[in-house]
1. Find the residue count for segment 209-262, including only residues that are outside any strand (DSSP E or B), among the acidic types (Asp, Glu) and open to solvent by 20 Å² or more (accessible area, probe 1.4 Å).
2. So which residues in segment 8-29 are open to solvent by 100 Å² or more (accessible area, probe 1.4 Å) and in contact with a strand residue (DSSP E or B) (Cβ under 8 Å, 6 or more places away or on another chain)?
3. Quick one: which residue in Leu62, Leu87 is of a type in the set (A, V, I, L, M, F, W, C), open to solvent by 10 Å² or more (accessible area, probe 1.4 Å), over 20 Å from Leu325 (Cβ atoms) and assigned by TED's automatic domain parsing to the domain that holds Gly171?
4. With the condition kept exactly as written, say whether any residue in segment 180-194 is away from the ligand (no atom under 11 Å from the Cβ) and outside any loop (DSSP other than H, G, I, E, B).
5. Among the residues of segment 343-364, how many are under 24 Å from Gly185 (Cβ atoms) and assigned to a helix (DSSP H, G or I)?
6. Among residues belonging to segment 69-84 that are under 16 Å from Ser330 (Cα atoms) and buried (at least 21 other Cβ atoms within 10 Å of the Cβ), point out the one that is farthest from the ligand (Cβ to nearest atom).
7. Suppose we keep only residues that are within 16 Å of the chain's Cα centre (by Cα) and part of a loop (DSSP other than H, G, I, E, B) within segment 45-63. Which one would you say is nearest to the ligand (Cβ to nearest atom)?
8. Which residue pairs have Cβ atoms under 7 Å apart, sit 6 or more places apart or on different chains, and have a first residue in segment 116-138 that is away from the ligand (no atom under 16 Å from the Cβ) and a second that is among the basic types (Lys, Arg) and outside any strand (DSSP E or B)?
Amino acid sequence: MNDFKAEPAELQTEMLAAVQRVIASGWYVLGPEVQAFEQRWAEDCQLPRAIGVGNGMDAIELILRGLNIGPGDEVITTPMTAFASVLAILRAGAVPVLADIDPDTALLSRASVERCLTPRTRAVLLVHLYGQVRDMAEWQILARDKGFALVEDCAQSHRATLGGVRAGGFGVAGAYSFYPTKNLGALGDGGAVVTRDMALADRVARLRNYGQSERYHHPEIGMNSRLDEMQAAILSVRLNWLAGYTERRQQIAQRYRAELKQPAIRLLAAPQETAAHAYHLFVVCSAHRDALVAHLKAAGVQALLHYPVPMHHQQTCLDMRRDPLGLPASEQHALQCLSLPCHPQLDDAQLDQVIAAVNSFRAI
Ligand SMILES: *Cc1c(COP(=O)(O)O)cnc(C)c1O
């Protein structure tokens, strides 16, 4: 599913040079490398501010806390996401509420979100799952009409766009993760908050650093969630490769869309006309999922499941509030989804092999 060892020697050399530069500088936390990366990531997101933080989960928590969302407040999100999305809401002290997905995209359903709204709803955490950014005008209108903050979980949507706007530019703020397997990954943990709200940006920058306003002054209770210089320097190098790597993901997806001829699978909806899908994952659905995964494995193809357990089936979330009509589409998706290899180091011969393996499956 990922093959970091196959990355070009040139990229490795550039990363080593960046690491040497940081070691020689003698400055390892919140310094010039973080500032430079923040500036470049903000530009890449077409937004005025990016704040480097410890990881993607903290980025979500910091946005919520920066918006004064906490105890007693409800935040609606999807059961079909990484556990970190829900955990960040819990860690902010707020109450997660789970709405169902649209089966054609596996993204949050607006009809279900509307059923989950209460006077205590303060935000919707919209996850751009698999790298898809869709229907953002409709979400913006709903947020305005119902008076909630639209917060974007961009952990899977680096450089994804809709109508020319990058993920993170539609709501009040976007949370990025730079976990190694993400489309832009560090060699360790990292994350960023992006926003056009300067006051929120300043607040997040304080909260990530003990709530410190100036040295030794702590006007509010913050946390320790800082991006370090080493990871920032590595991310600046890897950012130079991101556009090309995203194009490769899109090429792979195009070939899957054109060449997968397998009646036992269903593709998710194609990206909207003005969208650029980041294809963090290429996910298909099958009623014969487990047999198909076994068939692929026998053919030397790895397939993973994103995600096999919806949030409300997690032991810690069994009582979590949810759509009064239930979450049937999420449950079905969890049973049927599988992710085919889709990463920049996948070469054409490997891609041919995956396509042939999927197409040769016979459901019984
Ligand atoms: C990876 C991921 C996160 C969490 O990011 P970390 O950096 O691992 O904390 C949050 N949401 C989604 C959708 C993710 O895929």
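The values are calculated or read from the model by the stated rules, or taken from the named source; none is laboratory data. Remember, it's a predicted structure, so these values are computed and weren't measured experimentally. Quick reminder, even Gly has a Cβ in these numbers, built from the backbone with ideal geometry, and neighbours come from all protein chains shown. Ligands, DNA and RNA are excluded from the accessible area calculation, which covers all protein heavy atoms including side chains. Shrake-Rupley method; radii C 1.70, N 1.55, O 1.52, S 1.80 Å.
1. The first filter runs over segment 209-262 and keeps only residues outside any strand (DSSP E or B), leaving 210-213, 215-216, 218-223, 225-227, 229-262.
This time we only want the ones that are among the acidic types (Asp, Glu), so: 220, 229, 247, 259.
Remaining after also requiring open to solvent by 20 Å² or more (accessible area, probe 1.4 Å): 220, 247, 259.
So the answer is 3.
2. Going residue by residue through segment 8-29, those that are open to solvent by 100 Å² or more (accessible area, probe 1.4 Å) are 10, 16, 20-21, 27-28.
Hit for segment 8-29 is Tyr28, nothing else.
3. Details: Leu62 fails: open to solvent by 10 Å² or more (accessible area, probe 1.4 Å).
The match here is Leu87.
4. First, the residues of segment 180-194 that are away from the ligand (no atom under 11 Å from the Cβ): 184, 187, 193-194.
Narrowing the set further to residues that are outside any loop (DSSP other than H, G, I, E, B) leaves 193-194.
So far as segment 180-194 goes, yes, one or more of its residues are away from the ligand (no atom under 11 Å from the Cβ) and outside any loop (DSSP other than H, G, I, E, B).
5. Within segment 343-364, the first condition is being under 24 Å from Gly185 (Cβ atoms), and the residues that meet it are 343-348, 350-351, 354.
Narrowing the set further to residues that are assigned to a helix (DSSP H, G or I) leaves 348, 350-351, 354.
Residues meeting the conditions: 4.
6. If we filter segment 69-84 for residues that are under 16 Å from Ser330 (Cα atoms), which is where we start, we get 76-83.
If we keep only those that are buried (at least 21 other Cβ atoms within 10 Å of the Cβ) too, we end up with 76-81.
Details: Ile76: 15, Thr77: 10, Thr78: 9, Pro79: 12, Met80: 9, Thr81: 5 Å.
So, considering only residues that are under 16 Å from Ser330 (Cα atoms) and buried (at least 21 other Cβ atoms within 10 Å of the Cβ), the one farthest from the ligand (Cβ to nearest atom) is Ile76.
7. It comes out as Asn55.
8. That search, which allows pairs on different chains as well, returns Leu117/Lys146; Glu138/Arg110.
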